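Novice: Provided herewith is a single structure, encoded as structure tokens, for subsequent inquiry.
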Amino acid sequence: MLVPPEDDPRRLALDKAVADAVRARLAAGARTSPDADALALREALTGLAPAEAVVVRAVLGRIDAVTGEPLVLWGFASQTLAADRFGLGARAVAEPEQALAAVRDGARALIDLAPGKAWWSRLLAEPALRVTAALPDDRRALPRALMVERRDPGPTGDDRTFWATDSGLPDARVVAALGAAGLAASPLIAAGGLKLFILAGYVQPMDGRLSSVPGTLSGVLGAAPIF
């Protein structure tokens with residue numbers, strides 16, 4: 001004999017409260033800037049246990065996917081990271097150049113940092129395209145993919161900046177030169193004769209400390225919050 005499940009009005013009420021909150025948040029729409037999103041997310045995660053934070057990030061990530069610009073992906077890491085953060089609604093493309101073209105048309109793109117693919121160097125010549133996020137975005141892991149948008153990232157109080165150079169010096173000497181200028185740096189990836197470094201904190205493209213660092217072609221590509 002089948003036994004019907006017991007009524008659970010308390011949990012049902014909580015489930016409905018979640019649904020109502022999601023409906024209201026979707027109706028509120030997207031925020032105006034990447035740094036506003038990051039600051040709001042930090043506030044929402046304050047005081048949560050790790051398991052709670054995972055669930056909240058998943059819900060808010062999917063809300064972002066619906067309310068924000070269309071998301072385009074290139075690379076296996078990007079597809080995995082985006083599925084975890086934003087759900088399965090993003091569109092994958094065959095080449096990073098296609099992802100950048102989509103950004104020029106108003107989308108945003110999460111693009112793998114892959115050996116032999118110096119797509120990020122294009123941002124040196126296109127300052128309208130900026131790095132606004134890097135996944136994973138916790139301080140214990142190196143970024144495997146960068147988010148590119150037609151929006152400028154602002155400081156959030158806990159950021160890392162992405163800086164590229166064509167300097168032929170060894171990484172250690174570039175890091176030392178940046179350190180002498182007052183910038184803490186670490187190498188991230190190299191491709192096509194260019195190198196990409198992470199600078200600690202939020203560094204603006206016109207920061208005077210970058211005026212004497214190695215390389216004839218170099219610049220800040222954007223910044224990303226850390227959680």
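The values are calculated or read from the model by the stated rules, or taken from the named source; none is laboratory data. For clarity, every value in this text was computed on a predicted model and none was experimentally measured. Neighbour counts run over all protein chains shown; Cβ positions are idealised from the backbone, glycine included.
Novice: Could you say whether any residue in the stretch 113-127 is crowded, with 16+ Cβ neighbours inside 10 Å, among the polar types (S, T, N, Q) and either without any contact (Cβ under 8 Å) to a residue 12 or more places away in the chain or more than 30 Å from ARG57 (Cα to Cα) (or both)?
Specialist: Yes, the stretch 113-127 contains at least one residue that is crowded, with 16+ Cβ neighbours inside 10 Å, among the polar types (S, T, N, Q) and either without any contact (Cβ under 8 Å) to a residue 12 or more places away in the chain or more than 30 Å from ARG57 (Cα to Cα) (or both).
One line per residue, one yes/no per condition, for (1) touching a residue at least 60 places away in the same chain (Cβ under 8 Å); (2) assigned to a helix (DSSP H, G or I); (3) more than 28 Å from LEU146 (Cα to Cα):
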{"position": "VAL3", "(1), (2), (3)": "no, no, yes"}
{"position": "THR32", "(1), (2), (3)": "no, no, no"}
{"position": "ASP35", "(1), (2), (3)": "yes, yes, no"}
{"position": "ALA40", "(1), (2), (3)": "no, yes, no"}
{"position": "VAL55", "(1), (2), (3)": "no, yes, no"}
{"position": "VAL72", "(1), (2), (3)": "no, no, no"}
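Novice: Let me ask you something else. Is it the case that some residue within the stretch 8-30 is in contact (Cβ under 8 Å) with a residue 60 or more places away in the chain, farther than 26 Å from GLU97 by Cα and touching a Ser or Thr at 6+ places or on another chain (Cβ under 8 Å)?
Specialist: So far as the stretch 8-30 goes, no, none of its residues is in contact (Cβ under 8 Å) with a residue 60 or more places away in the chain, farther than 26 Å from GLU97 by Cα and touching a Ser or Thr at 6+ places or on another chain (Cβ under 8 Å).
Novice: Is there any pair with a first residue in the stretch 202-217 that is within 21 Å of GLU126 (Cβ to Cβ) and a second that is in a loop (DSSP other than H, G, I, E, B) and among the acidic types (Asp, Glu) whose Cβ atoms are under 7 Å apart and which are 6 or more apart or on different chains, and what are they?
Specialist: Here the result reads GLY215/ASP166; THR216/ASP166; LEU217/ASP166, each pair linking the stretch 202-217 to a residue that is in a loop (DSSP other than H, G, I, E, B) and among the acidic types (Asp, Glu).
Yes or no, residue by residue, for (1) under 16 Å from PRO225 (Cβ atoms); (2) modelled with pLDDT under 95; (3) surrounded by fewer than 11 Cβ atoms within 10 Å (Cβ to Cβ); (4) out of contact with any Lys or Arg (no Cβ under 6 Å at 6 or more places or on another chain):
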site: PRO9; (1), (2), (3), (4): no, yes, yes, yes
site: LEU26; (1), (2), (3), (4): no, no, no, yes
site: ASP35; (1), (2), (3), (4): yes, no, no, yes
site: GLY47; (1), (2), (3), (4): no, no, yes, yes
site: ARG62; (1), (2), (3), (4): no, no, no, yes
site: ALA77; (1), (2), (3), (4): no, no, no, no
site: LEU81; (1), (2), (3), (4): yes, no, no, yes
